[in-house]
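We did not get these values from a lab; they are worked out from the coordinates using the rules stated. Remember, predicted model here, so these are calculated numbers, not experimental data. Every residue, glycine among them, receives a Cβ derived from its backbone with ideal geometry; neighbour counts consider all protein chains shown.
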Amino acid sequence: MDISTKITRSIHDAFTAVFAVELPEQILSLQPTRKEFEGTFTFVVFPFLKYTKKSPEQSGQEIGNYLKENLEEVATFNVVKGFLNISLTDHYWLVEFKAMTSSENPFALPQTKVKVMVEYSSPNTNKPLHLGHLRNNFLGFSLSEILKANGHHVVKSNLVNDRGIHICKSMVAYQEFGKGESPESSGIKGDHLVGKYYVIFDAAYKAEVKVLMEKGVEEEKAKKEAPLMCKAQEMLVLWEKGDPETVSLWKTMNNWVYEGFDATYKRMGVDFDQMYYESDTYLLGKDMVEEGLQKGVFYKKENGSVWADLSDKGLDEKLVLRSDGTSVYITQDMGTADLKYRDHKNDKSIYVVGNEQDYHFDVLFKILEKLERPYAKGLHHLSYGMVDLPSGKMKSREGTVVDADDLMAEMVETARRHTQELGKIDGFSEQEAEALYEILALGALKYFLLKVDPKKRMLFNPEESIEFQGNTGPFIQYTHARIRAILRKAEQIELDFNNPSLLNKVAELQETEKNLIVLLLDYPQKLKTAGSEYSPSLIAQYMFELAKEYNRFYAEIPIFSEAKEQHRAFRVALSAQVAQTIKAGMKLLGIEVPEKM
RNA sequence: GGUCCUGUAGCUCAACUGGAUAGAGCAACUGCCUUCUAAGCAGUAGGUUUCAGGUUCGAGUCCUGACAGGAUCACCA
């Protein structure tokens, strides 16, 4: 039994024995004791004064006395106002620590058989990935890892938006201005090359609109009738008809993009188990519209368009099929949801998509619920906030986008400069040094984007956002590297720190040692909460706390100069456990930790 | 305009879901490297939690109303 339930059970017994009242255990909950007070767990007595009929202080005292008498793990307690602070014995913490070190795998929870699909990334193929995609990808990847560590079976999926008017724009511009350029001939990465033509299209199109307006055409009309826009529209029609030449160009350009994306994904360290392409799925969902009509979930208007009336659920009416019988975005998503379920029989399906689509997913999920899909209750939109720049929102057309490839490259340069300034690469080979810069750069970037609560909007300042000190990825990586140095030394002097009989001789703990054990024991709970809340930021925060506490321990307490062998052994064992926990936790964030830095 | 989200130190973020004197990091200032990695540690300073009411033993957290910022409300995706 877990210690906090043991304590609450005993508190329950205390109420029965001392105050003659039977309270349900669920309402008796503990909280961690605040740092400025002594103790590990705190029981707040205020809500129960009506049962004790005594002052807060006295009620706390009496419950505390009962606990101390009846629970061998309880060492002392103190009562401040209505707060009963409980301290456990060093012996208890040491026993728990030893159990942890001998545990097979303390970093993952038992298997659950729950199947979860996590869809993330979902890029458009007309332009390269940017900072916003980084947050999306890191979140999706990390969430997947966290859910795996929670024992779930996870399928990472990526629904690529590879068709539509936007890609036609790049294609038209390429036809008009491309002169047969290719990634090979230009030396430009494929996704950037296609993105370049998307930008060219936009500029040329705007020029055309301007010319038309100067000729006296109204803006609305000019926008519709500009030759380039017409060509793009025509191309979309040709594509849908399967025109060989159009399809061939489309394939060529998309493949350029995929080569580019592959390189970017590789550097980001993310991957997928299942790819979906909108060119395959965009026609799905029409039969569901028919089904919905029959079930009376949808209705048809005079012009033939089909609508879902969600006013009973507090939402509006939503179009699900155009009057010309073609489908819209949500139709496609309905079909894709069915497809995913057919493919994987997932109990849960998580969509990692920005909060600008909150309404869309609200509507989608309610429609699927009305259509009585068995998976409907397992749908979840992990809605994350936008990443803003100091100048405001990123706008690709205004050139204020922070490109993902550029940013990662800049981060590596910063890591290189910083590391060399600190003179930390003595004894590193060229390759090792490069590998380290990469690890640090990506660690800093990922940690920066993941430490913030996903649903909150966040600010990214390219000049100063990503630091290497304080609450950062490199700080945690550094802590790991420090411990690895200790472990190397322990090995070198042949200290048998895992020897149980040596550890058994340790009888008492320093404060920071105990704090570390308490934190380490809390890891499974943190993992569980991060999984149920879909929040990598909880893991990130925990990592920081652990690293911080370890650095305090490191500064305060000597290891190898300690006289008693059992203390040397225990402190190395404790360090080893912290290092393993950091490594495991950072892996959940998609962050590697170095041996040296 | 309707709906939804957000508002906490100069800046970036926490606050265990209603508990104690609201905490970290950055920036500023003061100490600590001949000792296991100073990308570190210890400390100082920084707050009317946007504002006004309400609920109760107790509110950053819950309810109401302002104010500010953002998103969304397409036969776009």
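Counted over chain A, the DSSP beta bridges are approximately 50% antiparallel.
Taking K and R as +1 and D and E as -1, what net charge do the other residues with C-beta under 11 Å from the C-beta of A:Tyr174 add up to? All intermediate terms of the calculation are to be shown ahead of the outcome.
Numbers: positive: A:Lys169, A:Lys179, A:Lys196; negative: A:Glu176, A:Glu181.
Net charge in that neighbourhood comes out at +1.
Take A:Ser501, A:Ser157, A:Ser122 and order them by how many other Cβ atoms sit within 10 Å, fewest up front.
Lowest to highest Cβ neighbour count: A:Ser501, A:Ser122, A:Ser157.
Karplus-based coupling profile of the range A:553-558, in residue order and whole Hz: 4, 4, 6, 8, 10, x, with θ = phi - 60° in 6.51 cos²θ - 1.76 cosθ + 1.60 and x standing for Gly or Pro. Compared with the alpha-carbon gap, the fully stretched path from A:Lys424 to A:Gln175 is longer by 84.5 nm at 0.36 nm per residue. Close amide H contacts of A:Leu379 (hydrogens built in the peptide plane, cut-off under 5 Å, sequence separation of 5 or more or a different chain): A:Ser349.
A cut-off of 5 Å between modelled amide H atoms, ignoring neighbours fewer than 5 places along the same chain, links A:Val118 with A:Val155, A:Lys156, A:Ser157, A:Ile350.
What pairs in A:Lys286/A:Lys313; A:Lys98/A:Lys348; A:Lys196/A:Lys395; A:Lys526/A:Lys548; A:Lys224/A:Lys395 have C-alpha atoms more than 26 Å from each other?
Listed pairs above 26 Å: A:Lys98/A:Lys348.
For the peptides A:401-407, A:491-497, the ranking by packing is A:401-407, A:491-497, with the highest mean count of neighbouring Cβ atoms within 10 Å listed first.
Close amide H pairs (under 5 Å, H built 1.01 Å from N) link A:Phe298 with A:Leu293, residues at least 5 positions away or on another chain.
Fewest to most neighbouring Cβ within 10 Å: what's the order for A:Cys230, A:Cys168? Don't skip to the answer; put the middle values down first.
Details: A:Cys230 13, A:Cys168 25.
Going from least to most buried by this count: A:Cys230, A:Cys168.
Across the range A:539-547, rounded Karplus estimates of 3J(HN,Hα) from the backbone phi angles (6.51 cos²θ - 1.76 cosθ + 1.60, θ = phi - 60°) give 5, 4, 4, 5, 4, 5, 4, 5, 5 Hz, Gly and Pro being marked x. Here the simple spin-label model places points 7 Å from the Cα toward Cβ, and for A:Gln274 and A:Asp496 these points are separated by 5.2 nm.
Peptide packing for A:281-288, A:104-111 was compared via the average number of neighbouring C-beta atoms within 10 Å per residue; ordered from the highest value, the list is A:281-288, A:104-111.
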